[in-house]
Every structure is written in C-alpha cells, then in structure tokens.
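The structure appears right after this line, and notes come after that.
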Amino acid sequence: MNKMADGKTLRLIDVRARPGNPAQGLLITRNLVLRCALGKGGISAFKREGDGATPLGAMRLIRGWRRRDQDIRAFSPLPFRAIRHDDGWCDAPDDRNYNRPVRAPYRASHEKLWRQDGLYDICIVMDWNIRPRRRGCGSAIFFHLARRGYEPTEGCIALKRADMARLLPYLGTQTIIRVRR
C-alpha cells in the first residue's frame with residue numbers, strides 16, 4: 001500500500017469474481033489486490049431482492065456505520081456514524097422505507113445493523129438502488145467485513161478486518177466500486 005500513502009482518496013476500486021469461485025472476488029485498486037467475499041449468487045446484471053447476487057455495475061460509497069464498542073480505527077474521509085442497537089435497514093420491497101435505514105423493531109422485514117458476528121462492525125452503504133429506488137431490485141448492498149474463509153454474502157462485498165482497516169483512510173464519497181465480470 002506504499003503508493004497509497006500519498007493521502008489521496010481512491011476514486012475507483014474494481015471488483016471481479018475469482019476464477020473458479022463466483023462467490024469470492026478480487027478487489028483491485030492502484031497497486032493493491034485483495035481477496036473479498038461476494039454474494040452467494042455470484043455477480044448479476046439483473047439484481048433482484050433475495051437472489052444473493054452482487055450487482056454488476058458502478059456504486060459510489062455514500063456513508064458508513066461502525067461499532068464503537070469494538071476496537072476499530074474508522075478514520076476515513078467518509079462520514080461515519082455509530083451503530084445503535086435499534087438500527088436497521090428495510091429489505092421489504094412493498095414497504096415505503098424499502099432500501100432505507102429504519103429503527104427496530106420495525107413492522108416490515110429488515111436487516112439488523114447491530115450484529116453479534118462482527119460483519120457490520122464496519123458497514124459502508126453503496127448507492128445501489130438508492131436513487132432512483134426500484135422495488136424488488138435489491139436492498140442493503142453494503143461494503144462490510146467478511147466472515148472467516150470469505151464465506152459468501154447475501155449480495156454485498158466483504159473484506160477481512162485488516163484489509164478494511166487498510167483501505168478506510170482512502171475511502172470517500174467520491175470512491176466508486178465497480179463490479180465487473
């Protein structure tokens with residue numbers, strides 16, 4: 001990462017599936033290549049709610065959440081906010097708050113952001129299906145921490161904790177993650 005020490009925010013990060021394993025990927029930026037987890041459905045140009053696929057396309061990083069009770073250095077040009085126990089993200093296509101943050105308990109289906117498995121200790125919202133928002137075209141597409149062994153996500157992109165910590169100082173609202181084939 002020595003060439004990234006210039007302090008400039010990354011503008012573009014490419015993500016591709018690893019050969020022979022469509023649920024794992026390679027995250028590539030400048031002189032750095034990192035292993036990452038992708039959706040269990042691989043990469044899809046036709047993302048649908050619940051298909052487990054990572055959407056094909058370019059997604060800008062918007063903002064992030066972090067667990068303050070964990071030992072995570074979340075310095076980043078991205079705006080971050082502490083996750084609270086009642087933070088959620090609506091994934092019910094027929095709800096008016098579909099693909100939006102909500103407060104739990106919430107009447108419709110939603111993802112809890114405060115998790116015991118540590119996946120969302122750092123959780124960055126990507127602008128997939130945010131504006132315009134299309135019902136049923138996928139929700140809660142985040143850039144977050146990976147499970148041990150890079151087990152597949154439900155459609156997100158995930159890095160191991162050390163790699164995320166390494167990238168955070170270079171991630172801003174101008175950073176675009178481009179998922180390619």
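For the chain, which whole-number percentage of the solvent-accessible area (1.4 Å probe, protein heavy atoms only) is attributable to carbon and sulfur atoms? Heavy-atom surface of the chain belonging to carbon and sulfur, 1.4 Å probe: 49 percent. Dipole magnitude for the range 10-51: computed about the Cα centre from +1 point charges on Lys and Arg Cβ and -1 point charges on Asp and Glu Cβ, it is near 120 debye. Projecting the Cα positions of 165, 132, 143 onto the charge dipole of the range 130-173 (unit charges on Cβ atoms of Lys, Arg, Asp and Glu, taken about the Cα centre) puts 132 furthest along the positive direction.
What is the distance, in nm, between label points placed 7 Å from the Cα along the Cα-to-Cβ direction at residue 63 and at residue 86? Between residue 63 and residue 86, the simple spin-label model gives 1.7 nm.
P(r) for the chain, from all Cα pairs and a bin width of 10 Å, is 10, 40, 38, 11, 1 %, short bins first.
Over 18 Å, how big is the tail of the calculated P(r) for the range 8-68, in percent of all Cα pairs? Cα-Cα pairs in the range 8-68 separated by more than 18 Å: 46 percent. Considering only alpha-carbon pairs that sit under 8 angstrom and 6 or more positions apart, the relative contact order computed for the chain is 32 percent.
Taken about its Cα centre, the range 53-105 carries a charge dipole of about 320 debye when Lys and Arg each add +1 at the Cβ and Asp and Glu each add -1 at the Cβ. From Cα pairs below 8 angstrom and at least 6 apart in sequence, can you work out the relative contact order of the range 123-181, rounded to a whole percent? About 25 percent, as a whole number. Normalised by 2.2 N^0.38 Å, where N is the number of residues, the alpha-carbon radius of gyration of the range 41-111 equals 1.31.
For the chain, a simple Cβ point-charge model (Lys and Arg +1, Asp and Glu -1, everything else neutral) yields a dipole of about 460 debye relative to the Cα centre. Accessible area per residue for the chain is 50 Å², calculated with a 1.4 Å probe on protein heavy atoms, without ligands, DNA or RNA.
Stretching the chain fully between residue 31 and residue 112 yields a gain of 25.7 nm (0.36 nm per residue, less the alpha carbon separation).
The values are calculated or read from the model by the stated rules, or taken from the named source; none is laboratory data. As the structure is a prediction and not an experimental result, all values here were calculated from the model. A quick note on method: Cβ atoms are made from the backbone with ideal geometry, for glycine too, and the neighbour counts reach across all protein chains shown. In case anyone asks, the SASA skips ligands and DNA or RNA and just uses the protein heavy atoms, side chains included. Shrake-Rupley method; radii C 1.70, N 1.55, O 1.52, S 1.80 Å.
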